[in-house]
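This report refers to the structure that appears directly beneath it.
The values are calculated or read from the model by the stated rules, or taken from the named source; none is laboratory data. In this text the structure is predicted, and so the values were computed from the model without any measurement. In this analysis, Cβ positions are derived from the backbone assuming ideal geometry, glycine residues included, and neighbour counts consider all displayed protein chains. Keep in mind that these areas ignore ligands, DNA and RNA; they rest on the heavy atoms of the full protein, side chains included. Shrake-Rupley method; radii C 1.70, N 1.55, O 1.52, S 1.80 Å.
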Amino acid sequence: MNKIILRYVLNFFLFLLISFLLLGLFIKIEYKNKTGKEVFMVLGGASWVDLKEKWDTQNKLLKELKEEDLNGAYNSVIASAGDEKDYISKYISANKAWNENKADVERNVDIFTALKYDKDFEDHIYKAKQAYLIGGMGPKTTEFLFEAGLNRYTDEEMFQGLKKINPEYTDEETINFINEMKGDFNRLIVNPARKKINSYLDRQQTAKLDLLSKIGKGYEEKFKGTDTLKDLRRIDEVFNSFKGKSGRERALISSVLNTLSLEDLEALTSNRGTQGYNEFMDFLSNLGASTNSAISAITDHSKMFAPVSSSIGNSLMKNIIKHHNEGIYKLLEENPNIYNIDSDNIVYAKDGSPTFLIKNAFDIRKAKDDIQKYKELGMMLQGIVNLNGIK
């Protein structure tokens, strides 16, 4: 019986060996002038062959590709006039732009979604529009003015829009009307919207601080009476040390916390236990007061950020520095004395004193523009996928 089983086993392996030899001979004869990668491409299907041929014909362009930001990728879309075939040479850089802006754009979408479904804000806007209509302003002009106010249109954009709706107005009358309306824009539209957005961002920031505090205190409870507790960075001590830092140092800390999501923070401070938690607190404590110091700190802690790198894009460093330079740091440059910054841009403690955190300077117009560019970039990338059968 054992000999029969042994014979079947040997026959099976012999059959397997012969099959591999025949497959190898077939590949050698059929694809003797092709590389292993080309063989894979051929065996993989016609759509991949077509795509490879297109990339081969534009090999020079591919080698010269540079990493594009969201604006660069969007401009490529516009320049190509919607023809996906012209995007093949730009696909890699455009895809990088998509990944690197994903977290920030999704955050902007969340903010405007929260604003859209805020009943108090919607009621306020509705009543303000009704007041204009009752006062004799036309419905088209009213809708345009509220759109212009919420989206922070420039004087030129407002001028062009109003002239299109009301061509009978002279240029001088239109300009005077715009100047008269600016005060109403801020009072009725811009300030209420900004207040709601800041309230939303406040809740996000508070949730992040609560999470860090909960994780830190959880470690304190877990390792009470052990040597591990001696080395633990106490959350209250860390936060208190931030208050003594300069405005620019606090701005960098805020930029990091604004960039990372709740899920990112939990991964950084929980996945590797107290070691990961301590490393993150050390990282925040040593960010310094300049962009260069932040770059050095992020580079030095690159291993620490490994658990979250895929969730916030290809380049964590680029996200944080961009967030910092275009938002919080710009705010500080315009207001060197941190205590003179409008209260909408500083997180205050319950006793009324400024904490170590500075909120992101949220630009409504830029955020909406980025969302629109991101949508069009996504349509372009999907067009390439559909055209070339990319999986």
>> Among the residues of segment 343-353, are any out of contact with any Pro (no Cβ under 6 Å at 6 or more places or on another chain), hydroxyl-bearing (Ser, Thr, Tyr) and modelled with pLDDT of 70 or more?
In response: no
> So which residues in segment 125-152 are open to solvent by 60 Å² or more (accessible area, probe 1.4 Å) and not polar (S, T, N, Q), if there are any at all?
Replying inline: Tyr126, Lys127, Ala131, Leu133, Ile134, Gly135, Gly136, Pro139, Lys140, Glu143, Glu147, Arg152
> Only one of (1) part of a helix (DSSP H, G or I); (2) more than 21 Å from the chain's Cα centre (by Cα); (3) modelled with pLDDT under 90 is not met by Lys224, so which one is it?
Replying inline: (1)
> For Ala207, which of the numbered conditions (1) more than 23 Å from Phe362 (Cα to Cα); (2) assigned to a helix (DSSP H, G or I); (3) without any contact (Cβ under 8 Å) to a residue 60 or more places away in the chain fails to hold?
Replying inline: (1)
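Across segment 234-259, what is the number of residues that are open to solvent by 70 Å² or more (accessible area, probe 1.4 Å), of a type outside the set (Asp, Glu) and either over 24 Å from Ser290 (Cα atoms) or part of a helix (DSSP H, G or I) (or both)? Quick ask: steps written out before the conclusion?
The initial filter retains those residues of segment 234-259 that are open to solvent by 70 Å² or more (accessible area, probe 1.4 Å), namely 234, 236-237, 240, 243-244, 248.
Checking the rest, the ones that are also of a type outside the set (Asp, Glu) come to 234, 240, 243-244, 248.
Those still in the list that are either over 24 Å from Ser290 (Cα atoms) or part of a helix (DSSP H, G or I) (or both) too: 234, 240, 243, 248.
Residues in segment 234-259 being open to solvent by 70 Å² or more (accessible area, probe 1.4 Å), of a type outside the set (Asp, Glu) and either over 24 Å from Ser290 (Cα atoms) or part of a helix (DSSP H, G or I) (or both): 4 in total.
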> Taking the stated definitions as given, is Phe177 at pLDDT 90 or above, in contact with a helix residue (DSSP H, G or I) (Cβ under 9 Å, 6 or more places away or on another chain), in a helix (DSSP H, G or I) and open to solvent by less than 70 Å² (accessible area, probe 1.4 Å)?
Replying inline: no
> For Lys245, are the conditions met, namely being over 28 Å from Leu331 (Cβ atoms) and not aromatic (Phe, Trp, Tyr)?
Replying inline: no
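Got a sec? Which of Glu106, Glu100 is part of a helix (DSSP H, G or I), modelled with pLDDT under 90 and open to solvent by 40 Å² or more (accessible area, probe 1.4 Å)? Give the derivation first.
On the way: Glu100 fails: open to solvent by 40 Å² or more (accessible area, probe 1.4 Å).
Going through Glu106, Glu100 in turn, the sole match is Glu106.
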>> Among the residues in segment 321-334, are any modelled with pLDDT of 70 or more and among the polar types (S, T, N, Q)?
In response: yes
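Residue under question is Leu262, and the condition is that it be within 30 Å of Phe362 (Cα to Cα) and loosely packed, with under 14 Cβ neighbours inside 10 Å; does it hold? Quick ask: steps written out before the conclusion?
Working: within 30 Å of Phe362 (Cα to Cα): yes; loosely packed, with under 14 Cβ neighbours inside 10 Å: yes.
Against the criterion (within 30 Å of Phe362 (Cα to Cα) and loosely packed, with under 14 Cβ neighbours inside 10 Å), Leu262 qualifies.
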> Pairs under 7 Å by beta carbon, first residue assigned to a loop (DSSP other than H, G, I, E, B) in segment 262-274, partner of a type outside the set (Val, Ile, Thr), six or more apart or different chains?
Replying inline: Asn271/Pro307
